[in-house]
Number of protein chains: 2
Amino acid sequence: MPSCCASALRPTAARRPVPDVANIYQVAELARVSVATVSRIINNSAKVTEKTRQRVVAAMAELEFRPNSIAQALATNRTNCVGVLVSELYGPFFGTMLSALEQELRAAGKFVIVTAGHSDAAREKIGIQFLAGRNCDALIVHVEALPDQYLIDHDRNPAPLVIMNRVVPALADRCLSLDNRQGGYLATRLLIEKGHRNIAYVSGPLGWLDAGQRLAGHKRALAEAGIKFVEQLMVEGDYHDTGGAMALTQLLDAGLPFTGVVCANDEMAAGALAVARERGIAVPADLSIVGFDNSPLSRHVFPKLATVDYPIGNMGRMAARWVLRNVYGDETISVQQTFEPDLLERESVSAPGNPSPRATTRARVQRKSPRRSESRRRP
Amino acid sequence: MPSCCASALRPTAARRPVPDVANIYQVAELARVSVATVSRIINNSAKVTEKTRQRVVAAMAELEFRPNSIAQALATNRTNCVGVLVSELYGPFFGTMLSALEQELRAAGKFVIVTAGHSDAAREKIGIQFLAGRNCDALIVHVEALPDQYLIDHDRNPAPLVIMNRVVPALADRCLSLDNRQGGYLATRLLIEKGHRNIAYVSGPLGWLDAGQRLAGHKRALAEAGIKFVEQLMVEGDYHDTGGAMALTQLLDAGLPFTGVVCANDEMAAGALAVARERGIAVPADLSIVGFDNSPLSRHVFPKLATVDYPIGNMGRMAARWVLRNVYGDETISVQQTFEPDLLERESVSAPGNPSPRATTRARVQRKSPRRSESRRRP
DNA sequence: TCTCCGTATGAAAGCGGTTACATCGTACGG
DNA sequence: CCGTACGATGTAACCGCTTTCATACGGAGA
């Protein structure tokens, strides 16, 4: 017996007792018509005499009839459910995406089933299968670990896949993506335009696509300005605040001078900011910092972080619209699939005017084991 | 025709074409058994000879058979779906709750359907009906606007309601709640213990239950210390950072001296912190600030906010467990329904030792129209 | 008045499972 | 050797709705 089948809990359950909810037969009987006619009225799918309609509507009201959506789904092979797989259900990025997406789908009467993939290939795969097992009409996925090929293979699945934040060439028409490269470019160019020449970079995990793209944009901006990319000024972080803190510590301790640092997301930038404060490095006077994502966090820290806006809410909405158009056939809806980042200049950046010597200090601050991030879920 | 019935989009859709997915009849045929036997194997619901079982399992594998969950739901009157209604799908509070809740339910093979109520009675009601219309087996709701009576009336619904962050006496066995009063008490007592006597309070919207409870705790702590509650030292905020900023501005401008302020959530505390910084009021030297919720934000601002931990993740998990136990009948699961807040003492609080005169300044800073919060969703 | 045609309605067959009940075969005791 | 009882399996009704196809009905034209 495949483990997929037996529900984890089915305690010798006979059919669940059914409450006294009216069904289509009772409505038909009360209205003295056939169930076919009632169905026609429910779905507005064929002409019905006004007199009959009124009888049926009255009967439905009297019995408080609500069509059983499961039976409808079985008969039509359409569940009106859209599965959504994201890395995590919390955090400003996915929260914003989910919120916009759900609002759009809900307005069209579609249900959203969510689950998390935790940025892990095995768990992402299980998540997709889990959602597909529910007969979702479509799947909107934000996967970071699964290879392109898996997504392509899955395409024969009845539920089409909409892919967020990623471009799979063979599935380009189902991908929604931001030009991360351009974002990295804009962030770095901001510093260059302010006059910075020694610019450090704190990357996301390089195994993830967007991290690599943002870095590529950074390099392009440097190249364009004739600045050599220095390997020692780049540190790979983990997209968390602790990673940002460790990264800046490492950069400072390495001893190479720099007056600006680009972080591949706001959370790492916040971590870096905290380290700068601890070490007495003034931001932006001594060190300019740029983040990425424009998460709410970027406005809560002091000084407010210059950052690159990631229009994730809009992208979520567009993913929903893609589904409404291509799966549910609403041709009137227009969909945007590629998005451009915007630069938001804020207080964490200035000209490298008066860098105090500390900005490039190699002073070693004792910091044996950086405290573990508690910034995620509480037990 | 009731508007509830006709799906918003049903473009003269005939039955959706069915992909070549095997059903139970094909499995039965290939294995030369009846569908009843196949079903028994799927559900492990009755003894089957080992030889037969092997034939059937082989057939299922060969045909890549996956039971149609919709058909199962129709036959058993159990959808394995749990509906979740929260105020918003974003933000650290709901994100954490959703995440924990989903993880717990997913592990038991249950699906989570989410939707938002936006803290508005009408929309909360629509949200509940929306979820109930999907034949969810249970509903976990975090509603702030709907009156108790509506929840009680809804109780005759086939899907039981689990109520978060609220106590409805008639439905006490389905309510999970934090002792918000105790939280407000702890926050204020922290300041009192540090030696503060003039303590301001920035409340949440008093129409919401938890806001009133937190305020009550504050008052109790004051009373216990023999401090008179001063109406002018209390401002009703909106649980957003801008509201916190406006509230502190108002308090400072009112001219009454105070050395500590308790904010009913971290976001407002962050707003207050920003105002303090703008006005040159040192935190905590001149002014101690306490937040509430222990959101990630409280650790990102400087100085780190003392706050009251709201174990929302754990509460989400427990809501899931309530459902697993009481709806899906897993008696082995234990459930906790009431929770105690914990005080987290951090850098934003100190003794009122050396309050600079500015802490109680009435200097008017020009600030005609505080900028609107962008801290939520981007368009 | 009769035929023809279009339209509103009804009958019934699915959709893909679950399960109560019938049936068949076999081992066992008398 | 036969009746019995029990365990494995099959038959068929059902879950509640959709949809095809047949039918009945009514009006227009001859």
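Things to note:
- Within the stretch B:58-85, the set of residues being away from DNA strand C (no atom under 12 Å from the Cβ), surrounded by 19 or more Cβ atoms within 10 Å (Cβ to Cβ) and at the interface with another protein chain (Cβ under 8 Å from one of its Cβ atoms) comprises B:THR79, B:CYS81.
- Residue within the stretch B:93-108 that is away from DNA strand C (no atom under 11 Å from the Cβ), β-branched (Val, Ile, Thr) and out of contact with any strand residue (DSSP E or B) (no Cβ under 8 Å at 6 or more places or on another chain) present: yes
- Considering the stretch A:159-198, and only residues there that are open to solvent by 50 Å² or more (accessible area, probe 1.4 Å) and either among the charged types (D, E, K, R) or touching a residue at least 24 places away in the same chain (Cβ under 8 Å) (or both), the residue that is nearest to A:ALA320 (Cα to Cα) turns out to be A:ASP173.
- Any hit, the stretch B:284-295, residues being open to solvent by less than 20 Å² (accessible area, probe 1.4 Å), part of a helix (DSSP H, G or I) and in contact with a Ser or Thr (Cβ under 9 Å, 6 or more places away or on another chain): no
- Selection count, the stretch B:96-120, where residues are assigned to a helix (DSSP H, G or I), of a type outside the set (Lys, Arg) and open to solvent by 40 Å² or more (accessible area, probe 1.4 Å): 3
- Enumeration of residues in the stretch B:38-57 that are outside any helix (DSSP H, G or I), open to solvent by 40 Å² or more (accessible area, probe 1.4 Å) and touching a helix residue (DSSP H, G or I) at 6+ places or on another chain (Cβ under 7 Å): B:ALA46
- Which numbered condition A:THR49 fails, given (1) within 7 Å of another protein chain (Cβ to nearest Cβ); (2) within 13 Å of DNA strand C (Cβ to nearest atom): (1)
- Among the residues listed as B:ASP120, B:ASP153, B:ASP148, the single one being more than 16 Å from DNA strand C (Cβ to nearest atom) and touching a residue at least 24 places away in the same chain (Cβ under 8 Å): B:ASP120
- Scanning the stretch A:21-37 for residues that are assigned to a loop (DSSP other than H, G, I, E, B) and within 8 Å of DNA strand D (Cβ to nearest atom) gives A:VAL21, A:ALA22, A:ASN23, A:SER34.
- Test: residue in the stretch A:271-290 that is basic (Lys, Arg) and closer than 29 Å to B:LEU297 by Cβ: yes
The values are calculated or read from the model by the stated rules, or taken from the named source; none is laboratory data. Predicted model only: the values in this text are computed from it and were never measured. Note that each Cβ is placed from the backbone with ideal geometry, even for glycine, and that neighbours are counted across all protein chains shown. Remember, those area values only see protein heavy atoms, side chains included, never the ligands or the DNA or RNA. Shrake-Rupley method; radii C 1.70, N 1.55, O 1.52, S 1.80 Å.
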